[in-house]
Amino acid sequence: MILGMSLSTFVLVHTIISIIAIVAGFIVMFGMLKSTRPGGLAAIFLLLTILTSATGFLIPPLVSDKLLPSHIIGALSLVLLLIACIALYAMKLSGSWRWIYAVTALLALYFNTFVLVIQGFLKIPALTAIAPGNPPSGPVFAVVQGVVLVFLVLMIIGAVRRFRPV
């Protein structure tokens, strides 16, 4: 039991939170590209992404049992999200805090998306067949992760250049 839920229920809740966070993150990202002022959706993205990373630590194996790459990604994501929250809420995106927010928030989105791709290749039989292993490997997996990385790097560059909140 984790937080009063069976492991399978907890993982399902974690997954739903993650997917909503990713969708919200992409909407926020496209808003940055249009220089839209961050609003409630940015708060939802940040909160749910924090919850995604935090709840990930509760899924076995725990960090105390075995440190996994997912734990490192979760910790890095939480640091990035802390900086993004400081930039948005404490520093009000003033001066260089604007680009710091864009970079840290979108890097956290990248980490979430990176893990989504890995989980997709682990859980979807058709993808597992073309990139077997745990973690997945092979050229198809590498190309998909490469496309995700290049896309999000280009979006981060675009957000840094265009995001000008008023």
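Some observations on this one:
- Estimated vicinal HN-Hα couplings, Hz - region 52-62 in sequence order (Karplus 6.51, -1.76, 1.60; Gly, Pro = x): 4, 5, 5, 5, x, 5, 8, 7, x, x, 6
- Of the solvent-accessible surface of the chain, computed with a 1.4 Å probe and all protein chains present, 77% belongs to carbon and sulfur.
- Karplus-derived 3J(HN,Hα), 6.51/-1.76/1.60, for each residue of region 100-108, Hz, glycine and proline x: 4, 4, 4, 5, 5, 5, 6, 5, 4
- Degrees separating the helix 69-85 axis from the principal Cα axis of the chain, which is the longest one: 20
- For region 68-166: accessible area per residue (Å², 1.4 Å): 53
- Across the chain, Cα pairs under 8 Å and at least six residues apart give a relative contact order of 26 percent.
- Placed amide H near I2: partners under 5 Å, 5+ positions off or other chain: L7
- Electrostatic dipole magnitude of the chain [Cβ: Lys, Arg +1; Asp, Glu -1; Cα centre; debye, to 20]: 620
The values are calculated or read from the model by the stated rules, or taken from the named source; none is laboratory data. Keep in mind it's a predicted model, so treat the numbers as computed, not measured. Cβ atoms come from the backbone with ideal geometry, glycine included; neighbour counts cover every protein chain shown. Protein only, heavy atoms only, side chains kept; ligands, DNA and RNA dropped before computing areas. Shrake-Rupley method; radii C 1.70, N 1.55, O 1.52, S 1.80 Å.
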